[in-house]
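Here's the structure, in structure tokens; my notes come after.
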Ligand SMILES: Nc1ncnc2c1ncn2[C@@H]1O[C@H](COP(=O)(O)OP(=O)(O)OP(=O)(O)O)[C@@H](O)[C@H]1O
Ligand SMILES: [Mg+2]
């Protein structure tokens with residue numbers, strides 16, 4: 001529970017650290033600070049250079065503190081990448097009251113039993129989502145509190161991180177002088193911003209293509225049914241371009257940002273790129289088609305892995321609200337078209353519901369979805385699920401109504 005009225009989200013990604021600060025003002029969330037700083041303290045989502053990461057966190061904090069006008073002392077932080085794993089968990093307890101009536105303490109005990117029975121020693125629990133309860137073997141649709149029985153069971157989905165990743169994350173936060181309000185698997189936070197209740201009821205996947213990894217969550221009937229991290233991200237595309245075109249990483253990144261496309265069939269052979277326009281030390285010419293072929297090969301790999309995740313939960317081609325993409329890597333020409341054809345699902349780029357003009361690029365950018373989502377997550381934990389908050393972008397203005405729309409969807 002925050003000690004002041006600031007809701008702070010810190011997203012420590014592979015390529016950048018982003019921070020978002022919100023305040024609750026008369027039932028309204030106002031975003032009062034938002035910033036990002038590029039860094040290289042992580043490899044594939046795992047903190048490998050503590051000093052560099054702490055320095056990036058401190059820098060981004062300074063930025064938002066300046067915007068907010070007061071010190072930041074605590075935060076919710078996101079985690080993603082290969083240290084994350086999700087698995088099903090089961091717990092069983094005997095109902096404690098002699099008359100067999102199940103109370104909250106029985107539910108707490110059965111959840112605890114599921115956690116301790118499932119979580120390996122070297123992993124830390126991030127989230128445990130109960131999926132269904134059984135009372136004396138009978139499936140209960142809802143909360144079992146108040147029912148009568150002898151035996152209470154739970155089936156849950158558990159998300160964990162390696163103890164090492166968790167320790168490094170905690171260390172980073174403390175060394176940056178912050179207290180930790182909570183740790184959240186990144187796409188769960190982004191889903192707060194980019195999916196509404198209707199989509200989560202009918203079935204939707206939120207896929208975050210970051211620099212180091214592609215992280216996803218799948219919902220159905222309003223519940224989380226799957227969470228995973230795939231070890232391929234947009235940085236791999238940059239590396240492939242560097243190798244394929246025999247150029248340096250900076251040029252490869254610039255080419256990806258400028259010409260990155262998976263629509264290789266639509267690109268004419270004659271379209272050439274002069275590498276000297278990116279780096280005077282380079283003299284080669286390459287074709288756009290070559291670039292698209294390299295990008296397409298990695299994108300195809302990502303979709304292949306995504307399809308496998310959908311298959312694991314029997315949702316291949318079967319999510320009515322489709323796939324919503326976010327993360328910097330989702331900003332590739334043709335990505336949703338490729339997703340539609342390979343995954344056989346509707347596919348869109350995640351965007352808060354838009355109704356007004358005058359948008360600010362920074363807030364629209366998919367690289368901020370996790371940090372803004374963390375502020376929404378924080379608001380729920382602070383004010384409860386039914387809190388009638390609306391989101392107001394304050395001095396980032398011009399987009400207030402659109403965020404209100406989203407947040408209304410999200411809480412309703
Ligand atoms: N317009 C664009 N086209 C293609 N890729 C882009 C574009 N803009 C950003 N990217 C890529 O997106 C990645 C950064 O995205 P993001 O900020 O979501 O990652 P991250 O959060 O740092 O990483 P991760 O979540 O994997 O730890 C970089 O690899 C960058 O090259
Ligand atoms: Mg990220």
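The values are calculated or read from the model by the stated rules, or taken from the named source; none is laboratory data. Just so you know, these numbers come straight off a predicted model, no measurement behind them. We place every Cβ from the backbone using ideal geometry, glycine too, and count neighbours over all the protein chains shown.
Does residue 307 qualify as being over 16 Å from residue 242 (Cα atoms) and modelled with pLDDT under 90?
Taking the combined requirement at face value, the residue does not satisfy it.
For the condition outside the structural domain of residue 326 (by TED's automatic domain parsing), over 28 Å from residue 97 (Cα atoms) and either surrounded by fewer than 16 Cβ atoms within 10 Å (Cβ to Cβ) or within 16 Å of ligand 2 (Cβ to nearest atom) (or both), what is the one hit in 138, 175?
That would be 175, the only listed residue that is outside the structural domain of residue 326 (by TED's automatic domain parsing), over 28 Å from residue 97 (Cα atoms) and either surrounded by fewer than 16 Cβ atoms within 10 Å (Cβ to Cβ) or within 16 Å of ligand 2 (Cβ to nearest atom) (or both).
Keeping to region 68-105, report how many residues are within 16 Å of ligand 1 (Cβ to nearest atom) and not in a strand (DSSP E or B).
Adding up the residues that qualify gives 4.
Determine which member of the set 210, 177 is out of contact with any strand residue (DSSP E or B) (no Cβ under 8 Å at 6 or more places or on another chain), modelled with pLDDT of 95 or more and more than 22 Å from residue 325 (Cα to Cα).
177
So which strands (runs of 3 or more DSSP E) stay within region 211-287 end to end and still have 1 or more residues that are within 19 Å of residue 302 (Cα to Cα)?
Hits in region 211-287: 214-220, 223-230.
Residue-by-condition table, conditions (1) near ligand 1 (Cβ under 9 Å from one of its atoms); (2) over 23 Å from residue 18 (Cβ atoms):
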{"site": "211", "(1), (2)": "yes, no"}
{"site": "216", "(1), (2)": "no, no"}
{"site": "222", "(1), (2)": "no, yes"}
{"site": "228", "(1), (2)": "no, no"}
{"site": "231", "(1), (2)": "no, no"}
{"site": "237", "(1), (2)": "yes, no"}
{"site": "242", "(1), (2)": "no, yes"}
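So, in region 308-340, how many residues would count as being surrounded by 16 or more Cβ atoms within 10 Å (Cβ to Cβ) and either part of a helix (DSSP H, G or I) or not assigned by TED's automatic domain parsing to the domain that holds residue 260 (or both)?
Here the count works out to 9.
Working carefully through the options 65, 108, 52, find the one that is crowded, with 16+ Cβ neighbours inside 10 Å, at negative phi and not in a strand (DSSP E or B).
65
Could you please give the count of residues in region 176-208 that are more than 24 Å from residue 125 (Cα to Cα), more than 16 Å from ligand 1 (Cβ to nearest atom) and either assigned to a loop (DSSP other than H, G, I, E, B) or touching a helix residue (DSSP H, G or I) at 6+ places or on another chain (Cβ under 7 Å) (or both)?
4
Name the residue, out of 228, 205, 242, 211, that is in the same structural domain as residue 309 (by TED's automatic domain parsing) and free of Cβ contacts under 8 Å to residues at least 12 places away in the same chain.
242
Whether any residue in region 341-362 is modelled with pLDDT under 90, within 16 Å of ligand 1 (Cβ to nearest atom) and in a helix (DSSP H, G or I) is what I want to check.
Looking through region 341-362, at least one residue is modelled with pLDDT under 90, within 16 Å of ligand 1 (Cβ to nearest atom) and in a helix (DSSP H, G or I).
Suppose the filter is under 29 Å from residue 72 (Cβ atoms), within 14 Å of ligand 1 (Cβ to nearest atom) and touching a strand residue (DSSP E or B) at 6+ places or on another chain (Cβ under 9 Å); does residue 166 pass it?
So residue 166 fails the test.
May I ask you to say which residue of 21, 8, 32, 60 is surrounded by 17 or more Cβ atoms within 10 Å (Cβ to Cβ), touching a strand residue (DSSP E or B) at 6+ places or on another chain (Cβ under 6 Å) and free of Cβ contacts under 8 Å to residues at least 60 places away in the same chain?
The unique qualifying residue is 60.
Let me spell it out: the conditions are (1) more than 10 Å from ligand 1 (Cβ to nearest atom); (2) within 30 Å of residue 226 (Cβ to Cβ); (3) modelled with pLDDT of 90 or more, and residue 21 meets all of them except one. Which number is the exception?
Going through (1) more than 10 Å from ligand 1 (Cβ to nearest atom); (2) within 30 Å of residue 226 (Cβ to Cβ); (3) modelled with pLDDT of 90 or more one by one, residue 21 breaks only (2).
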